[in-house]
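First the structure, in the form of structure tokens, and then the observations on it.
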Amino acid sequence: MIENKTILECLGKVKACDILIYDMKGFSPFYDTMILASVDSERQASASVNYIKEEANRAGHSVRGIEGLDTPWVLIDLHNVIISIFTKEERERFSLEKIYLDIPCTKYED
């Protein structure tokens, strides 16, 4: 299983910001953790996907799916972790943080 620390390192490589880590245990039967991150461009999002896929493969963990590649919102499903990488404008538009107000959240500060 790819660890959250490794995912955060991958996001750090592309200078992702405003990273929030949600503890979904007890809220979702499908995954344990959800990570939201913002990037400046779709190109940065694509690079982060490549880093995360590479690290998942290195850890012997499969990527269940990737949705929205080359769009302003990319979702990566790593079985127990869901990662949403947004351009800043797209993140403001969807404001997922407002939906998840009751879920325990940690802001990542590197």
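Under a 10 Å cutoff between Cα atoms, tell me which one of Ile83, Ile99, Ile35 has the largest fluctuation in the Gaussian network model of the chain.
Residue with maximal mean-square fluctuation among Ile83, Ile99, Ile35: Ile99.
What full-extension length gain, to one decimal in nm, is calculated for Glu97 and Asp110 as 0.36 nm per residue of separation minus the Cα-Cα distance?
Roughly 2.7 nm would be gained on extension.
Pick out which of Gly26, Gly68, Gly12 has the largest mean-square fluctuation in a Gaussian network model of the chain, springs linking Cα atoms closer than 10 Å.
For the chain, modelled as a Gaussian network with Cα springs under 10 Å, the answer is Gly26.
Quick one: of the DSSP bridges fully inside the chain, what percent are antiparallel, nearest 5?
Of all bridge pairs located within the chain, approximately 70 percent are antiparallel.
Please give me the summed charge of the neighbours of Glu92: other residues whose Cβ is under 12 Å from its Cβ, Lys and Arg +1, Asp and Glu -1.
Counting the neighbours of Glu92, the net charge comes to 0.
As I understand it, the dipole of the chain uses +1 on the Cβ of Lys and Arg and -1 on the Cβ of Asp and Glu, about the Cα centre. Which of Ser84, Phe27, Ile52 lies farthest toward its positive end?
Ranked along the dipole, the leading option is Ile52.
Size of the dipole of the chain about the Cα centre, Lys and Arg at +1 and Asp and Glu at -1 on the beta carbon, nothing else charged, in debye to 20?
Using only the charged Cβ atoms, the result is roughly 120 debye.
Give a residue-ordered list of calculated ³J(HN,Hα) values for segment 66-73 (Karplus: 6.51 cos²θ - 1.76 cosθ + 1.60, θ = phi - 60°; whole Hz; x for Gly, Pro).
In residue order, the calculated couplings are 9, 10, x, 4, 6, 10, x, 9 Hz.
Most fluctuating residue of Ser48, Ser95, Ser38 in a GNM of the chain with Cα springs under 10 Å: which is it?
Ser95
Would you check the chain for Lys pairs whose C-alpha atoms are within less than 25 Å, ignoring same-chain pairs closer than 8 in sequence, and give me the count?
So the count of such lysine pairs works out to 22.
Every read-out reported here was derived from the displayed coordinates using simple, explicitly stated rules and does not represent laboratory data. Note that this is a predicted model, so its numbers are computed, not measured. We place every Cβ from the backbone using ideal geometry, glycine too, and count neighbours over all the protein chains shown.
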